[in-house]
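Undergrad: Next up is a structure, given as structure tokens.
Laboratory data are not the source of any read-out in this text; all were calculated from the coordinates shown. As the structure is a computational prediction, the values presented were derived from the model and not from experiment. Here the Cβ is made from the backbone with ideal geometry for all residues, glycine too, and neighbour counts use every protein chain on show.
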Amino acid sequence: MALDKPYKDVPGTTIFDADQSRKGYWLNQFCMSLMKAENRARFKADEDAYLAEWPMTDEQKAAVRARDLNWAMRTGGNIYFLAKLGATDGLSFQQMAGSMTGMSEHAYRDMMIAGGRSPEGNRYAGESGNAQGPAAQSEAWKEWELTHQEALAAQILGDHAARQTAGADATAGHARITASVYTSHVPAIGAAIDLGKTGEPYWQPLFAGYEPSKKWMEENRPDVVFLVYNDHATSFDLGMIPTFAIGTAAEFEPADEGYGPRPVPKVMGHPELASHIAQSVIQQDFDLTIVNELQVDHGLTVPMNLLFGSPEAWPVKVIPFAVNVVQYPVPSGQRCFQLGQAIRRAIESFDAPLKVQIWGTGGMSHQLQGPRAGLINKEWDNQFLDRLIAEPAELAKVPHIEYVREAGSEGIELVMWLIARGAMSDVAGTGPAPKVAHRFFHVPASNTAVGHLILENQ
Ligand code: DHB
Ligand code: FE
């Protein structure tokens, strides 16, 4: 199902959405670099040499050299980023905006003084207003189009073929959530794997609990894992605290949390599905933060090891989804449960027959601070597992304070499990209760009670 993009037929206008952002990523990041005086000086001294440092397309570089903003926008540029280039040349926003209209600087300024451009005839493509014409083109852009006609034709053919394939996929089906997986994510589990200690008496019972999971995963491997986890002051410090952040990049490096990066493969993303989910979920009124630069910490990599072992490369693509459970206010269980339902609708409206699992990680009971450190509440944890399976909507009503009192201050990580549970088909009313493929509980791993569930959609 195509996403709602009603802005496609506004004349003379390019809306900067996820598709444009992906296309223009390095062009826009290059523009950002011009916010440093030292970089502006280097760029002005030798444009070609400076541009050579950026992995932009040749066309983007040509558009920059030509200072053709319409052309730059066509290749994915956004005006607030491109404005850094204009500012480097000493241009005002009025000069930059006017340069894209085909009018002279004076005529544009006079139009603004006379009250600005009228929306009459300029609301829809094909009306008779004065913004309906093709974008003004610099001589350099015209020449580029002439000399690249073959490449452009090939691109149009390619786009057509891609659309046809997408069309074929659409008839083949849409993405589906096949199962949800829940697990704790203690860093010491990662250290035990990395240091070859999994067979030691302390660790053996814990890893034994995940043997059936790895076997299940071999038989039920998805194409993509939508992995809900929390960032532990790793990619997000106090400079930025997004409540819900979706990773839309092509890859994510394992972070150095102070011990050196874990020796695990880098995580490969799924930018198209992630952008689709971002757009769909935001259109369902959940305001996600979109993240293109993200290093993933133990919250993500330890669950990957527990379910996939230690392969050379991870066998699935992963969409990291980070939830703030560090600085209060953190999202409520209710909000997480509703968000899971929105994520399900987003995934199942993606026109490709992908098998997607959604994971909820973190928890169970643990407290890592103060005189109450070490708190474990087996009874509460097991009741949480029971209720997550059987009555998640009721469980979602539990307030934060109960998690803190009963499961310890860091036990609040468990709210993330409700996102995964909310995405299951019984919650949407489109399927029966999920099958419990595996359940495991163990105390302790470091300071934590470890809980694990696999629920299959029927
Ligand atoms: C521990 C558990 C966590 O969830 C975490 O993020 C850090 C440490 C622990 O039990 O040591
Ligand atoms: Fe944690």
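Undergrad: Place +1 on the Cβ of every Lys and Arg and -1 on the Cβ of every Asp and Glu in segment 1-50, take the dipole about the Cα centre, and give the residue among S21, M35, Y50 whose Cα lies farthest towards its positive end.
TA: M35
Undergrad: Then there's this: Tell me, which longest segment in the chain has none of the trypsin sites (Lys or Arg not before Pro) that fall in DSSP loops with at most 12 further Cβ atoms within 10 Å?
TA: 124-371
Undergrad: What is the spin-label model distance, in nm, from A114 to A41 if the labels are put 7 Å beyond Cα along the C-beta direction?
TA: Distance between the two pseudo-spin positions: 4.5 nm.
Undergrad: Right, next: So for the pair E105, V10, with labels modelled 7 Å out along Cα→Cβ, what separation do we get in nm?
TA: Placing both labels 7 Å beyond Cα along the Cβ direction yields 2.8 nm.
Undergrad: How big is D, in µm² s⁻¹, for the chain by Stokes-Einstein at 37 °C and 0.692 mPa s if Rh is the Kirkwood radius over C-alpha pairs?
TA: 133
Undergrad: Amide H of H185: which non-local residues (sequence gap of 5 or more, or other chain) have their own amide H closer than 5 Å, using H built in the peptide plane?
TA: Amide H to amide H, under 5 Å and 5 or more residues apart or across chains, H185 pairs with G362, G363.
Undergrad: Among M96, G363, H106, which residue has its Cα furthest toward the positive end of the charge dipole of the chain, with +1 on Lys/Arg Cβ and -1 on Asp/Glu Cβ?
TA: Farthest along the dipole direction, towards plus: G363.
Undergrad: So which of K36/K61; K84/K317; K214/K355; K214/K435 end up more than 24 Å apart by C-alpha?
TA: Beyond 24 Å: K84/K317.
Undergrad: Would you be so kind as to identify which of V267, S409, Y328 lies farthest towards the positive end of the dipole of segment 176-456, taking Lys and Arg as +1 and Asp and Glu as -1 on Cβ and the Cα centre as origin?
TA: Selected residue: S409.
Undergrad: Between segment 313-344 and segment 388-408, how many Å separate their Cα centres?
TA: 16
Undergrad: What does the charge dipole of segment 235-364 about its Cα centre add up to, to the nearest 20 debye, if the Cβ of each Lys and Arg holds +1 and the Cβ of each Asp and Glu holds -1?
TA: Magnitude of the dipole: close to 420 debye.
Undergrad: Still on this structure, I have one more. Order by neighbour count: M364, M35, M103, fewest other Cβ atoms within 10 Å first, most last.
TA: M35, M103, M364
Undergrad: Here's another thing I want to ask about it. At most 13 other Cβ atoms within 10 Å and a DSSP loop assignment: could you name the chymotrypsin sites (Phe, Trp or Tyr not before Pro) in segment 69-156 that fit?
TA: Y124
Undergrad: Right, next: To the nearest 20 debye, what charge dipole does the chain have about its Cα centre, counting +1 at the Cβ of each Lys and Arg and -1 at the Cβ of each Asp and Glu?
TA: Using Cβ point charges on Lys, Arg, Asp and Glu, the chain gives about 520 debye.
Undergrad: Under the rule of -39500 (n - 2.57) per DSSP H run of 4 or more residues, summed and divided by the residues of the chain, what mean residue ellipticity at 222 nm is obtained, to the nearest 500 deg cm²/dmol?
TA: Calculated mean residue ellipticity at 222 nm is -12500 deg cm²/dmol.
Undergrad: Still on this structure: Show the residues, 5+ positions off or on another chain, whose built amide H is closer than 5 Å to the amide H of I319.
TA: Answer set, sorted by chain and number: V225, F226, L227.
Undergrad: What stretch of the chain, leaving out the sites themselves, is the longest with no GluC sites (Glu not before Pro) in a DSSP loop having at most 15 other Cβ atoms within 10 Å?
TA: So the longest stretch without any such site is 128-292.
Undergrad: Now for a different question. Quick one: what are the phi-derived ³J(HN,Hα) couplings along segment 281-292, Karplus 6.51/-1.76/1.60 with θ = phi - 60°, whole Hz, x for glycine and proline?
TA: 5, 5, 5, 8, 6, 9, 8, 7, 8, 9, 10, 9
Undergrad: With angles folded into 0 to 90 degrees, how steeply does helix 298-308 sit against the dominant principal axis of the chain? Use alpha carbons for both and round to 10.
TA: In the chain, helix 298-308 runs at an angle near 70 degrees to the longest axis.
Undergrad: With only Lys, Arg, Asp and Glu charged, each at its Cβ (+1 for the first two, -1 for the last two), find how big the charge dipole of segment 6-136 is about the Cα centre; round to the nearest 20 debye.
TA: The dipole magnitude comes to about 220 debye.
Undergrad: So what are the ³J(HN,Hα) numbers for segment 94-109, from phi and the Karplus equation (6.51, -1.76, 1.60; θ = phi - 60°), rounded to whole Hz, Gly and Pro as x?
TA: Once rounded to whole Hz, the list reads 5, 5, 5, 4, x, 5, 8, 9, x, 8, 6, 4, 5, 4, 5, 4.
Undergrad: Also, I was wondering about something else. Could you work out the relative contact order of segment 357-458? I mean the mean sequence separation of Cα pairs under 8 Å and 6+ apart, divided by the number of residues, in percent.
TA: 35
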